[in-house]
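The values are calculated or read from the model by the stated rules, or taken from the named source; none is laboratory data. It should be emphasised that the depicted structure is a prediction, and the values quoted were computed from it without experimental measurement. Every residue, glycine as well, gets a Cβ built from its backbone with ideal geometry; the counts of neighbours run over all protein chains shown. For accessibility, only protein heavy atoms count, side chains too; no ligands or nucleic acids. Shrake-Rupley method; radii C 1.70, N 1.55, O 1.52, S 1.80 Å.
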Amino acid sequence: MGFEGCLLAEDFYYWAETSPAPQGQFYGVVHFTGWRDVDDVIESLDPPLTYTTPDAYRWASDALEAAHALARKLAAEGDLGIEP
């Protein structure tokens with residue numbers, strides 16, 4: 001499994017990894033772990049909000065890249081259900 005540590009999309013912190021998919025492929029998985037509120041305080045999410053890419057990828061690196069793109073999209077479009 002590929003893994004990348006705590007990263008930032010907009011004001012949201014997340015980590016990304018890959019998950020096995022059928023036929024030797026990989027999904028990208030995003031776990032939103034927290035956000036910075038208006039007072040610049042880091043608020044933690046417990047448990048994290050988890051999202052999986054709808055498509056599987058042949059290479060783990062492509063799945064991680066797709067996970068990062070998904071994180072940026074969800075955060076930018078306000079689709080997390082969180083008001084930072």
Practice problem: Starting from residues that are more than 12 Å from residue 16 (Cα to Cα) and open to solvent by less than 80 Å² (accessible area, probe 1.4 Å), keep the ones in segment 67-78 and report whichever is modelled with the lowest pLDDT. | Solution: 78
Exercise. Being open to solvent by 30 Å² or more (accessible area, probe 1.4 Å) and at pLDDT 90 or above is the filter; apply it to segment 25-43 and report the residue that is farthest from the chain's Cα centre (by Cα).
Key: 25
Exercise. Give 24, 81, 34 a once-over and let me know the one that is in contact with a Phe, Trp or Tyr (Cβ under 8 Å, 6 or more places away or on another chain) and without any contact (Cβ under 8 Å) to a residue 60 or more places away in the chain.
Key: 34
Quiz item: From the set of residues in segment 44-66 that are small (Gly, Ala, Ser), free of Cβ contacts under 8 Å to residues at least 60 places away in the same chain and closer than 22 Å to residue 18 by Cα, which is most open to solvent (accessible area, probe 1.4 Å)?
Solution: 61
Quiz item: If you scan segment 6-21, which residues turn out to be touching a residue at least 12 places away in the same chain (Cβ under 8 Å) and farther than 21 Å from residue 60 by Cβ?
Solution: 10, 11, 12, 13
